[in-house]
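Quick notes on the structure that follows.
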Amino acid sequence: MASVSTQKKTGLRRVIFYDLSGRRSAIRIGKVSMTSAREIAAHVEHLMICLKSGTDTRRSTRDWLERIRQDWPNLANRLGQLGLVAVKVWSDPSFTDFVNNLIAGRSDVKPNTVKAWRQTAEKIKLFFGDRLIRSLTTKDGNDFLRWLNTPSDCGGAGHTASTPSKHLTIVKQFLNEAVDAEILAGNPFQKIKGDRSVDKRRRRFVTVEMIESVIRSTEDVELRAIIALSRFGGIRTPSEPFALQWSHVDWDRRRITVPAVKTRLRELPLFPELVPYLRALQEGAEDSFLFPRLSRFSDANLRKQMGKLIRLSGMAVWPKLFQNIRSSRQTELEERFPRKTVCAWMGNSETVADQHYLQVLDEHYDRAVVGEAPAAWLSS
């Protein structure tokens, strides 16, 4: 049976129902009256019954479908995605409209994924305009990739490094959705490959001395603990700290359970460097979450705060702000522990570590030339 769910804070409504496989599905319908929401739920329930029994829909539901195709295309497209109505609702859309409708109908993906999709959607709109999705060819894909790589002063998007390839990957995902919806017979961009090489020129090793200088620039115990967890715990910031609760910190076993965003739950050692910052944070704790105040910050806001602290400590803000902090910790830990162990703590694979995190430092060359035992280079 279809039901209506309402978010308390925002008032946004969803219709909840179970599909043919018994899986719970949802349709976002926004801020509408409860009467309208219940009407939608009733039609959805009827469509589900007809789908299960193979019977025709009633006249009132068919009329309702015709109305929403004109007045509420996003809802009609979502019903098509879920298989409740014929996906021909999309008929012959422009590539831009198809992508925007697809994004609007996906309530099952994470906010950061939606953010990345919307950025790519903007590129699609700029390059393809009103081009019909059925008219796309492989040449269009190559032209699009070339445009992404072209400097802005030459009429291109002005992207560098792996950014064009990331946009291309998302575009391929969109086109695969069109194939699944039987709008396209095949993905015209499938054979196109971008350059996924990593620009190592933007890597920086953030030493312990540097990060302690940044921490001393603020008296905010939450900020200090987040910076410490980023550098000494190697957790993904800003995404992972805000999910941490005090129940995840096991003082007796000296471990931290990280509710990872990209991987399954993982355990970190409660490194000695973390203890004073977490103890200070716990003293005034009145919430189950470690960072109840900062959890309201956006990613951009937290990066802005971090950049401000770096400048206050007398340093220039380094590129890839939090990734280089995490990269520095993984590089550091590999000096002391097996790679497999470090990757388990960091929540990445050895391949990803090689490509995106591990750094070769001047200290490594110096030690090789002099032939001395490893120096205490972590704090210099």
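Since every read-out is calculated from the coordinates, none of them should be taken as a lab result. Only a predicted model underlies this, so the values are computations on that prediction, with no experimental measurement involved. With ideal geometry, Cβ positions are generated from the backbone for all residues, glycine too; neighbour counts draw on all protein chains shown.
Would you mind classifying region 175-308 by shape? Square roots of the alpha carbon gyration tensor eigenvalues, ordered a ≥ b ≥ c; an a/c under 1.5 is rounded, otherwise it is prolate if a/b is larger than b/c and oblate if not. Judged from the Cα gyration tensor, region 175-308 comes out prolate (a/c at least 1.5, a/b above b/c). If you take every residue apart from Ser313 with its C-beta less than 11 Å away from the C-beta of Ser313, what net charge results, scoring Lys and Arg +1 and Asp and Glu -1? So the surrounding residues net to +1. Rounded, prolate or oblate: which fits region 285-369, taking a ≥ b ≥ c as square roots of the Cα gyration tensor eigenvalues, rounded meaning a/c under 1.5, else prolate when a/b beats b/c? Taking the square roots of the gyration eigenvalues as a ≥ b ≥ c, region 285-369 is oblate. Taking trypsin sites (Lys or Arg not before Pro) across region 265-355, the ones in a DSSP loop with at most 16 further Cβ atoms lying within 10 angstrom of their Cβ are Arg293, Lys320, Arg336. For region 120-199, trypsin sites (Lys or Arg not before Pro) are listed when DSSP marks them as loop and at most 12 other Cβ atoms sit within 10 Å of their Cβ; the list is Lys191, Lys193. Result for the chain in a Gaussian network model with C-alpha springs under 10 Å: among Val109, Val44, Val206, the largest mean-square fluctuation is at Val109. Taking other residues whose beta carbon is less than 12 angstrom from the beta carbon of Ser3, and scoring Lys, Arg as +1 and Asp, Glu as -1, yields +3. For region 44-161, the number of Lys pairs separated by eight or more positions or lying on different chains, with C-alpha atoms closer than 27 Å, is 10. Per-residue ellipticity at 222 nm, computed for the chain from helices alone with -39500 (n - 2.57) per DSSP H run of at least four residues, works out to -14000 deg cm²/dmol.
If Lys and Arg each add +1 and Asp and Glu each add -1, what is the summed charge of the other residues whose beta carbon sits under 9 Å from the beta carbon of Val208? Once all neighbours under 9 Å are counted, the net charge is -3. Around the Cα centre of the chain, unit charges on the Cβ atoms of Lys, Arg, Asp and Glu (plus for the first two, minus for the last two) sum to a dipole of about 780 debye.
Diffusion coefficient (Stokes-Einstein, Kirkwood radius over C-alpha pairs, 10 °C, 1.306 mPa s) for the chain: 65 µm²/s, rounded to a whole number.
Subtracting the Cα-Cα distance of Glu45 and Val179 from their residue separation scaled by 0.36 nm leaves 45.5 nm. Of all lysines in the structure, those lying under 17 Å Cα to Cα from Lys9, and not within fewer than 8 positions of it along the same chain, are Lys31. The mean sequence distance of close C-alpha pairs (under 8 Å, at least 6 residues apart), as a share of the length of the chain, puts its relative contact order at 11 percent.
Once C-alpha pairs closer than 8 Å and six or more residues apart are averaged by separation and normalised to the residue number of region 273-380, the relative contact order reads 17 percent. Counting only DSSP beta bridges whose two residues both lie in the chain, roughly 100 percent are antiparallel. When the alpha carbon gyration tensor of region 230-325 is reduced to an equivalent ellipsoid, its three semi-axes come out at 23, 15, 14 angstrom, largest first.
Straight-distance candidates among the aspartates and glutamates for linking to Lys200, with alpha-carbon spacing under 19 Å and chain neighbours fewer than 8 residues away dropped: Glu332, Glu334, Glu350, Asp354, Asp362, Glu363.
In a DSSP loop and with at most 11 other Cβ atoms within 10 Å, the GluC sites (Glu not before Pro) in region 191-280 are Glu219.
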